[in-house]
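The values are calculated or read from the model by the stated rules, or taken from the named source; none is laboratory data. Since the model is a prediction, treat every value here as computed from it, not as a measurement. Counting neighbours? That spans all protein chains shown, and the Cβs are built from the backbone with ideal geometry, glycine included.
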Amino acid sequence: MTSGWEDQRLQTAFAARAASATRPAANLTDLTIERLRREPRPRATVIQHGLFAGLAAVLAVVVIAAIGIGFRDRVPLTSMSPSATAMIGSAASLGPSTGPASLPAMSIEAAIAMRDGSSEPGEIRVVGWLRGGVPVPCPAPMRPFNPTQLWCPQALPWIVESVADSGVGRLNEPPSGPGIQPSFALVDADALPSLMFGSAPPAAPVEITVAGHFHDRRATLCSSSGACWATFVVDRIDSIGGIAQPVTTSYDLAIQAEKGTTSSGLEIPPPTGAAEQFDAAVMSQGHRLAVLSRRVMSIDGLIDAEPALAGGWTGIGTATTVTSITAVETEEGSGTPHPFTFLFPDRGPLFYEMTADGPVVAGNLAVQAFPDLVARVGRPLTVNVTIGHRDQALDATELLVAGWAWAPGPLFCTLIRPGEPVLDQCPSTLTWLADRKPPPATGSEFPRPDGPAINLVIPPESVNLARLDTKPARVAVLGHFDDRRAAACPSGLAERCRRNFIVDEILDPARLALEATLATTVHPAPSNTPKGTATWAADTAGLPEADRTNRLISAFPVAVAALGALEPDLAGTSSTAGLDTVWLVHFLDQDVAGNAIVRTRLVIDADPAKGPAQVFDVTADGMSPALSAAP
Amino acid sequence: MAERARRDTRIGPAIDRSLIDRARNGDLDAFESIVRARMDAVYRLTSAILGNEADARDAAQEAFVAMWRQLPRLREPERFEAWLQRVAVNASRMTIRSRSRRRVREIPSSTVVELAERAAGAPPDDAAILDAALASLPVDQRAILVLHHLEGRPLAELAMILEIPEGTAKSRLFAARRALADAIEQDRGDRR
């Protein structure tokens, strides 16, 4: 069958292959053990739940029915409070991309297996039967709150696998089959029926479908030693009793109860607009994000929902309300869909992605202040879409890609090939742009991407325009595949070089603009003293001052002796023979099809006072006199 | 075949049953002893399936974390070794799936050298041919081939490790062998 590869040969080849493989790193065992020590103990059994119920009864100081003020959000199934939640919009009215229908729906048992088999906060849809809580006496809730921490779990509902376990909650009787206790802390759950112990049983079992996730980022901030990572945090109630539920906006207690004051006694002005006004900004982040739920919060409510902000957050500015929108990625190829949470401080131009380490600027609602660059190259793409562009339509179109980027920092790289500006080699192979913030690196390792990611190849002309930290940061990267210099890559590697993403500049995602001033000043002067200036070179190359903003990427002098490091094809050619200094001008232009591309012009250094200088187009074919210096 | 039949299901010195029981009850010290005893074997398996050092390292680590989480629910502790291999195979599967979804291409400097050598016409040995062919197979096929041809698991043990009927293990192994043959032929054609 294996044409000469009989069992013995195959076995020998497998053995040789295994022998040539590297041994596990000496510290792998230690790293694994270190990680295990951070893991929670294997989950508690249902018997332990029963014990806890008894213990809680002994320690009770306040009955569950009294838990109202300041905690209603976390125990929404109590029947004491009338619904004050506004339903804004619906899955249908917001179009097909706003529903989580593409999420895998799974049984409770499958969800538990997923929870225990992975540490990813993958967003899933869970289908099960609703089982009520039990009105046992509960201690008063204490701050800090954490949506992953189930306060007085005996009083909270379950979603169970078996219909036999569903219905009204039973005292000291946990479900006999698989079940999860979800946290409804961040969604409006008023539409759920109350199935508390002692209430009349429903006419029929209530089947519900909810979208949510385990391994929530807030679990690490849990104050209890409980397994908060195992809490299923509900991001949306999808259906109740087979009836589809709309995307809802919920309000925290301070706003919902229209008390008008926070705990500090300040008035809370109402938000300046409806929460769904931010949906478009969320969707503009790419990933085919589908809105799951919205929540409008006071500062206190924000801290309850995001305990990482308990220590303060300067990004909130003077806002007294913050809208939080939870969305899930539905883009094909993104891998396990993750939930995203975006925060919109009221009246603020900036909005933020909430991460385990705190909020990070995700964009600027006043993006119309920077229309030029977006008009030229389009809105920022996700890395996943960018990879699709590379794999399905490889060309040199200039792309703006938003994501998380980081570099390895100072690093001694071996086997570097100098004079290969677009070849992927260390440190580019450790420089990443990823759709998701990477998990923290362990030990001395570099962070590794989690989800779609590409290496960023930063050529010499972009080094000073593409500063990256070792700490992953949200950025927008301007760059392209299929760089013309790929043809100069070593034999056999040209195709690989074509597929490398070549960085032209790295921008602040809240300020999508090319700064002409930066473009003409960022590069250090060469060792020889040029006669011209950067602005003169830009002018000479056809970019007068009025045309430089959002077009000029860089204009800088290069000693001809060093030209090969930037332009391998031009090194030692007759075109530059006898010259001392030239200027390279990189700028955005269009190709014949109207796609944004980067052009490079070479200007021979000359005294600006002595008339026009020579200008050349630098293309894959080499240098040719620029027909027009005014593109 | 006879040699394979002589092999024990274990992948190292036997682990004391009491150690497994303690670990099942949440004794992390006991589980650490298991990690130390089985890291090399688990890494060898993940490395053989994934063919990539970084991925193999991640998968081995994920496998032990998954074991720690799932150990209390291990119904048959006497089959711990088979279960351990199953978890390692699953961790490899998860790793490669996430990698392929990401379509991440991390190119170590050694690859540059390897590509250069290949371009220079250096004849590949059987291990290199196998390596290239395996890389094109789905992870499940790689796993069954590795378990059978490297770890020496007979069909009955393959069935136990992969939790499939023995007949299914046989047909999957057959399909994997055929896919491997096709991949080797394909690679040979590419080199011509």
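Return the only residue of A:Thr535, A:Thr521, A:Thr549 being surrounded by fewer than 22 Cβ atoms within 10 Å (Cβ to Cβ), among the β-branched types (Val, Ile, Thr) and either in contact with a Ser or Thr (Cβ under 8 Å, 6 or more places away or on another chain) or assigned by TED's automatic domain parsing to the domain that holds A:Asp395 (or both). Please lay out each step first, then the result.
Details: A:Thr521 fails: either in contact with a Ser or Thr (Cβ under 8 Å, 6 or more places away or on another chain) or assigned by TED's automatic domain parsing to the domain that holds A:Asp395 (or both); A:Thr549 fails: either in contact with a Ser or Thr (Cβ under 8 Å, 6 or more places away or on another chain) or assigned by TED's automatic domain parsing to the domain that holds A:Asp395 (or both).
The conditions single out A:Thr535.
Looking at A:Ala434, A:Ala476, A:Ala466, A:Ala494 in this structure, which one is among the hydrophobic types (A, V, I, L, M, F, W, C), modelled with pLDDT of 85 or more and over 28 Å from A:His287 (Cβ atoms)? I'd like the intermediate steps shown before the answer.
On the way: A:Ala434 fails: over 28 Å from A:His287 (Cβ atoms); A:Ala476 fails: over 28 Å from A:His287 (Cβ atoms); A:Ala466 fails: over 28 Å from A:His287 (Cβ atoms).
That would be A:Ala494, the only listed residue that is among the hydrophobic types (A, V, I, L, M, F, W, C), modelled with pLDDT of 85 or more and over 28 Å from A:His287 (Cβ atoms).
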Close pairs from the stretch A:417-435: first closer than 21 Å to A:Thr382 by Cβ and more than 10 Å from chain B (Cβ to nearest Cβ), partner in a loop (DSSP other than H, G, I, E, B) and at pLDDT 85 or above, Cβ under 6 Å, at least 6 apart:
A:Thr431/A:Ala407
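Quick one: count up the residues across the stretch A:105-119 that are buried (at least 17 other Cβ atoms within 10 Å of the Cβ), within 11 Å of chain B (Cβ to nearest Cβ) and not hydroxyl-bearing (Ser, Thr, Tyr). Step through it out loud before you land on a result.
Going residue by residue through the stretch A:105-119, those that are buried (at least 17 other Cβ atoms within 10 Å of the Cβ) are A:108, A:111-112, A:114-119.
Going one step further and asking which of them are within 11 Å of chain B (Cβ to nearest Cβ), we end up with A:112, A:114-119.
Checking the rest, the ones that are also not hydroxyl-bearing (Ser, Thr, Tyr) come to A:112, A:114-117.
Matching residues across the stretch A:105-119 total 5.
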Looking at the stretch A:501-544 only, could you name the residues that are modelled with pLDDT under 85, closer than 20 Å to A:Gln614 by Cα and either within 14 Å of another protein chain (Cβ to nearest Cβ) or out of contact with any strand residue (DSSP E or B) (no Cβ under 7 Å at 6 or more places or on another chain) (or both)?
A:Thr529
Evaluation of A:Asn528 against (1) farther than 22 Å from A:Glu505 by Cβ; (2) touching a Pro at 6+ places or on another chain (Cβ under 9 Å); (3) crowded, with 18+ Cβ neighbours inside 10 Å (one fails), failing number
(3)
Determine whether B:Phe80 is at the interface with chain A (Cβ under 8 Å from one of its Cβ atoms), at pLDDT 85 or above and under 23 Å from B:Val139 (Cα atoms).
no
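Looking at the stretch A:382-399 only, could you name the residues that are more than 21 Å from A:Ala486 (Cβ to Cβ) and outside any helix (DSSP H, G or I)? Full working, then the answer.
Going through the stretch A:382-399, the residues more than 21 Å from A:Ala486 (Cβ to Cβ) turn out to be A:382, A:384-385.
Residue satisfying the conditions is A:Thr382 alone.
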Looking at the stretch A:577-593, which of its residues are within 18 Å of A:Pro612 (Cα to Cα) and among the polar types (S, T, N, Q)?
A:Thr581
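Looking at B:Arg172, B:Arg153, which is the one that is in a loop (DSSP other than H, G, I, E, B) and over 17 Å from A:Trp5 (Cα atoms)? Spell out the reasoning first.
Details: B:Arg172 fails: in a loop (DSSP other than H, G, I, E, B).
So the residue among B:Arg172, B:Arg153 that is in a loop (DSSP other than H, G, I, E, B) and over 17 Å from A:Trp5 (Cα atoms) is B:Arg153.
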For the stretch B:46-63, which residues satisfy the criterion of being without any contact (Cβ under 8 Å) to a residue 60 or more places away in the chain, at the interface with chain A (Cβ under 8 Å from one of its Cβ atoms), in contact with a Lys or Arg (Cβ under 8 Å, 6 or more places away or on another chain) and not polar (S, T, N, Q)?
B:Ala54, B:Asp58
Every residue from the stretch B:146-172 that is surrounded by 19 or more Cβ atoms within 10 Å (Cβ to Cβ) and among the aliphatic types (A, V, I, L, M)
B:Val146, B:Leu147, B:Leu150, B:Leu158, B:Ala159, B:Met160, B:Ile161, B:Leu162, B:Ala169
Have a look at A:Leu350, A:Leu423, A:Leu365 and point out the one that is closer than 23 Å to B:Ala54 by Cα and of a type outside the set (D, E, K, R).
A:Leu423
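Looking only at the stretch A:581-604, which residues are touching an Asp or Glu at 6+ places or on another chain (Cβ under 7 Å) and either charged (D, E, K, R) or free of Cβ contacts under 8 Å to residues at least 12 places away in the same chain (or both)?
Quick first cut of the stretch A:581-604, residues touching an Asp or Glu at 6+ places or on another chain (Cβ under 7 Å) only: A:581-584, A:586, A:588, A:596-599, A:601.
Once the filter is applied, which keeps residues that are touching an Asp or Glu at 6+ places or on another chain (Cβ under 7 Å) and either charged (D, E, K, R) or free of Cβ contacts under 8 Å to residues at least 12 places away in the same chain (or both), the stretch A:581-604 yields A:Arg599, A:Arg601.
Could you count how many residues in the stretch A:547-586 are under 36 Å from the mean Cα position of the chain (by Cα) and part of a loop (DSSP other than H, G, I, E, B)? Before you say what the answer is, go through the steps one by one.
Here is the first cut: in the stretch A:547-586, the ones under 36 Å from the mean Cα position of the chain (by Cα) are A:547-556, A:565-567, A:584-586.
When the remaining residues are screened for being part of a loop (DSSP other than H, G, I, E, B), the result is A:548-551, A:566-567.
Summing the residues that are under 36 Å from the mean Cα position of the chain (by Cα) and part of a loop (DSSP other than H, G, I, E, B) in the stretch A:547-586 gives 6.
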Of the residues in the stretch A:296-319, those that are touching a residue at least 12 places away in the same chain (Cβ under 8 Å), not in a loop (DSSP other than H, G, I, E, B) and not hydrophobic (A, V, I, L, M, F, W, C) come to A:Ser298, A:Asp300, A:Gly301, A:Asp304, A:Pro307, A:Gly315
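Between A:Arg498, A:Arg485, which is within 14 Å of chain B (Cβ to nearest Cβ), under 30 Å from A:Asp435 (Cβ atoms), in contact with a helix residue (DSSP H, G or I) (Cβ under 8 Å, 6 or more places away or on another chain) and surrounded by 19 or more Cβ atoms within 10 Å (Cβ to Cβ)?
Details: A:Arg485 fails: within 14 Å of chain B (Cβ to nearest Cβ).
Within the list A:Arg498, A:Arg485, the selection yields A:Arg498.
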Would you mind finding the one in A:Arg548, A:Arg496 that is of a type outside the set (Val, Ile, Thr), under 30 Å from A:Val475 (Cβ atoms) and in contact (Cβ under 8 Å) with a residue 60 or more places away in the chain?
A:Arg496
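Any chance the stretch B:40-55 includes a residue that's touching a Gly at 6+ places or on another chain (Cβ under 7 Å) and either surrounded by fewer than 18 Cβ atoms within 10 Å (Cβ to Cβ) or at pLDDT 85 or above (or both)?
Keep residues of the stretch B:40-55 that are touching a Gly at 6+ places or on another chain (Cβ under 7 Å), which gives B:41.
The next check asks that each one be either surrounded by fewer than 18 Cβ atoms within 10 Å (Cβ to Cβ) or at pLDDT 85 or above (or both); those that pass are B:41.
Yes, the conditions are met somewhere in the stretch B:40-55.
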